[in-house]
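The values are calculated or read from the model by the stated rules, or taken from the named source; none is laboratory data. Note that the structure is predicted; figures quoted are calculated from it, not measured. So basically every Cβ, Gly included, is an ideal-geometry build from the backbone, and we count neighbours across all protein chains shown.
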Amino acid sequence: MQKKKLQYHAVFEPAEEGGYNVSFPQFPGCVTFGRTFEETKKKAQEVLELWLEELASEGEKIPAFKFRPIIDEVQVFLPPKAKISYASNNC
């Protein structure tokens, strides 16, 4: 039986300790990390496949690609005593 291939959004963010964290908006709690972007992308595929295997083994339906997230910036006013951390983002 041929496997069906689906595509999902993954959010890659630079980690404070270096490398990248990745999460999936459609699957809260499904997360992983890697030292390089390439490693993180590979691990993202692996962890999501394991997540979907678990859903299938529990008889849950696998959700199809659902939405396109809108990513934008929001400006805010900081309290006068706020301290700002300027961490590098490795991008």
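Data table
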item	result
The one condition in (1) modelled with pLDDT of 95 or more; (2) assigned to a loop (DSSP other than H, G, I, E, B) that ALA64 fails to fulfil	(1)
Matching residues, segment 16-60, being within 12 Å of the chain's Cα centre (by Cα) and of a type in the set (Gly, Ala, Ser)	SER23, GLY29, GLY34, ALA44
Complete set of residues in segment 42-63 that are of a type outside the set (A, V, I, L, M), in contact (Cβ under 8 Å) with a residue 24 or more places away in the chain and surrounded by 15 or more Cβ atoms within 10 Å (Cβ to Cβ)	TRP51
Residues of segment 20-38 satisfying the condition of being touching a residue at least 40 places away in the same chain (Cβ under 8 Å) and touching a helix residue (DSSP H, G or I) at 6+ places or on another chain (Cβ under 7 Å)	TYR20
Enumeration of residues in segment 67-88 that are polar (S, T, N, Q) and either modelled with pLDDT of 85 or more or within 16 Å of the chain's Cα centre (by Cα) (or both)	GLN75
Residue list for segment 30-74, restricted to those being under 12 Å from ALA10 (Cβ atoms) and among the basic types (Lys, Arg)	LYS41, LYS42, LYS43
Qualifying residue in segment 2-24 (condition: touching a Gly at 6+ places or on another chain (Cβ under 9 Å) and loosely packed, with under 14 Cβ neighbours inside 10 Å)	no
Subset of segment 11-53 [closer than 14 Å to ALA64 by Cα and in a loop (DSSP other than H, G, I, E, B)]	PHE24, PRO25, GLN26, PHE27
